[in-house]
Amino acid sequence: MKKRLSFKQRRILAGYLFSLPFLLGFTLFFFYPFIQAFIFSFNELVISREGFVLNFNGFDNYGYILNVHPDFLRIFVETILDTITNVPLVLAFSFFAALVLNQRFKGRFLARTIFFLPVILSAGIIIQMDIDDMVTQLLHGARNAELIFTGVGLRNLLMNTKLPEGFIEFILGAVDRIPDIIRASGIQILIFLAGLQSIPPSIYEAADVEGATGWESFWLITFPMMSPIILTNAVYTIIDTFLTTTNEVVMLVRDEAIMGAGYGVSMAMAVLYFVMILIILGITIKVSSRWVFYQE
Amino acid sequence: METNTDTGVKVRFVRTAGLQAADILDQINREKDRNRASRFNKKIKGISISIIRALFLIGVSYIILMPLLEKLVTSFMTEADIFDQTVRWIPRNFTLDNYRVTWKAMNYPVSFFNTLLLTLTVSILQLISCTAVAYGIGRFKFPGNKFIFSLAVFTLVVPPTMITVPLSLNFKYFTFFGLLPEPGISLLNSYWPFILISATAVGLRNGLFIYVMRQFFKGMPRDLEEAAYVDGAGVFKTFYRIMLPGAIPGLVVIFLFSFVWQWNDYFYNTIFLSGQGNFLLQALQGAALKALDGDHNKLKSQYASIIRHTGMILYIAPLLVLYAFMQRYFIESIQRTGIVG
């Protein structure tokens, strides 16, 4: 005899049923390998015909990647520094671009279409092939030759301003990064645009009646209203740059596993990388939660 | 006297009135001038803003389109054009030969069809599984639904390599979790790893899809759902008859992103298919060598490079076509998905 379930019980059951695929997938294809990754990092993994065998070797893998491995530390540190410089630049650019694309002007649709194109064209294989392609390098050289004049001009100009040297280097570095920044901003622009359109126009109208200038209403309305979205975007950008599959550390981890020093070493790298991402995300959220403004 | 003073007052009054009137007129004129000046200023401001905006938009568009245009142009060039310093944008010896050679070297119809099949399989499965999960945790209250949601977000923070490398070993010696005798069967170089992780909503960036769809379902009004229940529709019927049609913008976004990311995927493809199989990715990697009749020495040549560029154009062409038709959805529907909360 089947007991009839109450409406509430049926809804609870339905909730679990709908979530079931993810519960299965998370356990079998995510959490299980996740734990394996930690275990592998403390072992030497030997592959044989019958499967794989683990030989416990303590912190040897960690010692190896930190002390012996020729590239890991350099690539690791470079990736962190790169991300720390890129994230604010991507945020600033995509915020500005969203402000521009939110205005009314002729050709707005075309401009939006082009700005989001990088989302479509971010194929890992193409980026990979471009890096070692001759003609691309040739063209790149030609482009650099064109740019070198502006580059030198900008450097001289900035040196004359007597700004601190670190700041000048940052600006020049940012100029070099412009293409990368633009290509990494597609989704962030979309998210900012959505945010800008969610601000009720009545707030701006009220500010206008009170005599606020455009500058004031930007800093007193747009910016605070957008601050939660800036945080969302910051987190998204950090994750995106760290975890994109063309990231150098990600590539190194994969290559070490398949044709390098083995799975143990590779997983030790992955674990360190994971811990570092958690720390950076934690700091970002902690620091920014102080100035994020929530409407409720 | 009185009249005198009276007229005097009158005169004075008229005089002051006249002066005042003149003053007012003057003021009005000045105001007008100022208005005209401010309108003029506004106009100048408007024009200069448009100019700066146009410069910004053109500059950024140039940087975005440049690499694509260069590849496109190169794909129509002969080797002589590459060496020719005076040729930059317009090929002197326009040719379609590169396309003929690359098309054949990539075995394009076959590799295109295989890639399309894999990509559609993955994106449809992810669409179904992520939507179901998002509906479950977004629309039903049950113990642990917040926890499941945080697990979905957690999957986004873990580097994919950390998961896929052990996962590929598990798939290589797949025992159905102990059901088959060791060493099990190898699922690598088949569609199975893709199908399994997509159907269970743990594929590439599926956490993001769950996040987006959950927001979407949370924002939908309760009344419709309740009306359906009152009319006697069950949970599943309500889901696909009432809730799904209302979620179409979100579904389109998820499908498109999942499709594009799978098409562009380099990582899962190389790790689960170990560089084998007749897919566009492998075809593109091997195209230059095949076009050179297997001559490794010429791989660094200009010709190999032209073939590679042509191959890249062929690789991304389907996506560009898709984008051309669907960009309205890409751009506009993400604004309606409520990703911003």
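For segment B:262-312, how many residues are part of a loop (DSSP other than H, G, I, E, B) and of a type in the set (Phe, Trp, Tyr)?
Going through segment B:262-312 one residue at a time, the tally reaches 2.
Looking at segment B:296-328, which of the residues that are facing another protein chain (nearest Cβ under 9 Å) and basic (Lys, Arg) is nearest to B:Met106 (Cα to Cα)?
B:Arg308
Check A:Arg49, A:Arg4 and return the single one that is more than 12 Å from chain B (Cβ to nearest Cβ) and modelled with pLDDT under 85.
A:Arg4 is the lone residue from the list that is more than 12 Å from chain B (Cβ to nearest Cβ) and modelled with pLDDT under 85.
In segment B:33-82, how many are facing another protein chain (nearest Cβ under 9 Å) and acidic (Asp, Glu)?
Of the residues in segment B:33-82, 1 are facing another protein chain (nearest Cβ under 9 Å) and acidic (Asp, Glu).
Mind telling me which of the residues A:Gly264, A:Gly214 ends up being among the small types (Gly, Ala, Ser) and under 30 Å from A:Leu66 (Cβ atoms)?
A:Gly264
This table checks each residue for (1) surrounded by fewer than 13 Cβ atoms within 10 Å (Cβ to Cβ); (2) at pLDDT below 85.
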site	(1), (2)
B:Arg34	yes, yes
B:Ile44	yes, no
B:Ile51	yes, no
B:Leu57	no, no
B:Leu65	no, no
B:Leu72	no, no
B:Ser75	no, no
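From the list B:Asp231, B:Asp265, B:Asp293, which one is charged (D, E, K, R) and facing chain A (nearest Cβ under 8 Å)?
On inspection, the qualifying residue turns out to be B:Asp265.
Any chance you could count how many residues in segment A:255-273 are in a helix (DSSP H, G or I) and either free of Cβ contacts under 8 Å to residues at least 12 places away in the same chain or acidic (Asp, Glu) (or both)?
5
For the condition buried (at least 18 other Cβ atoms within 10 Å of the Cβ), touching a residue at least 12 places away in the same chain (Cβ under 8 Å) and touching a strand residue (DSSP E or B) at 6+ places or on another chain (Cβ under 8 Å), what is the one hit in B:Leu208, B:Leu187, B:Leu169? Talk me through it step by step, then tell me what you get.
On the way: B:Leu208 fails: touching a strand residue (DSSP E or B) at 6+ places or on another chain (Cβ under 8 Å); B:Leu169 fails: touching a residue at least 12 places away in the same chain (Cβ under 8 Å).
Only one candidate qualifies: B:Leu187.
Tell me, yes or no, whether segment A:53-61 has at least one residue that is small (Gly, Ala, Ser), more than 19 Å from the chain's Cα centre (by Cα) and away from chain B (no Cβ under 13 Å).
Within segment A:53-61, one or more residues are small (Gly, Ala, Ser), more than 19 Å from the chain's Cα centre (by Cα) and away from chain B (no Cβ under 13 Å).
What's the total number of residues in segment B:119-144 that are surrounded by fewer than 19 Cβ atoms within 10 Å (Cβ to Cβ), within 9 Å of chain A (Cβ to nearest Cβ) and either aliphatic (A, V, I, L, M) or in a helix (DSSP H, G or I) (or both)?
1
Scan segment B:195-205 residue by residue and report those that are part of a helix (DSSP H, G or I) and surrounded by fewer than 24 Cβ atoms within 10 Å (Cβ to Cβ).
B:Ile195, B:Leu196, B:Ala199 - these are the residues of segment B:195-205 that are part of a helix (DSSP H, G or I) and surrounded by fewer than 24 Cβ atoms within 10 Å (Cβ to Cβ).
Part of a helix (DSSP H, G or I), assigned by TED's automatic domain parsing to the domain that holds B:Tyr329 and not acidic (Asp, Glu): does that describe B:Gly250?
Answer is yes for this residue.
Can you tell me which of (1) in a loop (DSSP other than H, G, I, E, B); (2) surrounded by 13 or more Cβ atoms within 10 Å (Cβ to Cβ) is the one A:Met226 doesn't meet?
For A:Met226, the exception is condition (1).
Can you list residue pairs whose Cβ atoms sit under 7 Å apart, with the first residue in segment A:23-37 being at the interface with chain B (Cβ under 7 Å from one of its Cβ atoms) and the second being part of a helix (DSSP H, G or I) and among the polar types (S, T, N, Q)? Count only pairs 6 or more apart in sequence or on different chains.
Filtered contacts from segment A:23-37: A:Phe30/B:Thr155; A:Pro33/B:Asn170.
For B:Phe147, indicate whether it is without any contact (Cβ under 8 Å) to a residue 24 or more places away in the chain, farther than 22 Å from B:Asp265 by Cα and among the aromatic types (Phe, Trp, Tyr). Walk me through how you get there before you give the answer.
Numbers: without any contact (Cβ under 8 Å) to a residue 24 or more places away in the chain: yes; farther than 22 Å from B:Asp265 by Cα: yes; among the aromatic types (Phe, Trp, Tyr): yes.
Against the criterion (without any contact (Cβ under 8 Å) to a residue 24 or more places away in the chain, farther than 22 Å from B:Asp265 by Cα and among the aromatic types (Phe, Trp, Tyr)), B:Phe147 qualifies.
Could you tell me whether segment A:149-169 includes any residue that is at pLDDT below 85, in a helix (DSSP H, G or I), of a type in the set (Val, Ile, Thr) and in contact with a helix residue (DSSP H, G or I) (Cβ under 6 Å, 6 or more places away or on another chain)?
Within segment A:149-169, the subset at pLDDT below 85 is A:149-169.
From the residues that got through so far, the ones that are in a helix (DSSP H, G or I) too are A:149-160, A:165-169.
Now restrict to residues that are of a type in the set (Val, Ile, Thr): A:150, A:152, A:168.
Filter once more, so that each one left must be in contact with a helix residue (DSSP H, G or I) (Cβ under 6 Å, 6 or more places away or on another chain): A:168.
Yes, segment A:149-169 contains at least one residue that is at pLDDT below 85, in a helix (DSSP H, G or I), of a type in the set (Val, Ile, Thr) and in contact with a helix residue (DSSP H, G or I) (Cβ under 6 Å, 6 or more places away or on another chain).
Can you work out which of the residues in segment A:198-215 that are surrounded by 12 or more Cβ atoms within 10 Å (Cβ to Cβ) and closer than 21 Å to A:Tyr294 by Cα is modelled with the lowest pLDDT?
Ranking the candidates gives A:Ser198 first.
If a residue must be more than 7 Å from chain B (Cβ to nearest Cβ) and in contact (Cβ under 8 Å) with a residue 60 or more places away in the chain, how many such residues does segment A:120-131 contain?
Qualifying residue count for the region: 1.
Might you let me know whether segment B:77-97 holds any residue that is among the small types (Gly, Ala, Ser) and within 28 Å of B:Leu204 (Cα to Cα)?
No.
Any residue that is touching a Pro at 6+ places or on another chain (Cβ under 7 Å) and surrounded by 15 or more Cβ atoms within 10 Å (Cβ to Cβ) - is there at least one of those in segment A:67-78?
To start, the set of residues in segment A:67-78 that are touching a Pro at 6+ places or on another chain (Cβ under 7 Å) comprises none.
No.
The values are calculated or read from the model by the stated rules, or taken from the named source; none is laboratory data. Computed from a predicted structure; not experimentally measured. Here the Cβ is made from the backbone with ideal geometry for all residues, glycine too, and neighbour counts use every protein chain on show.
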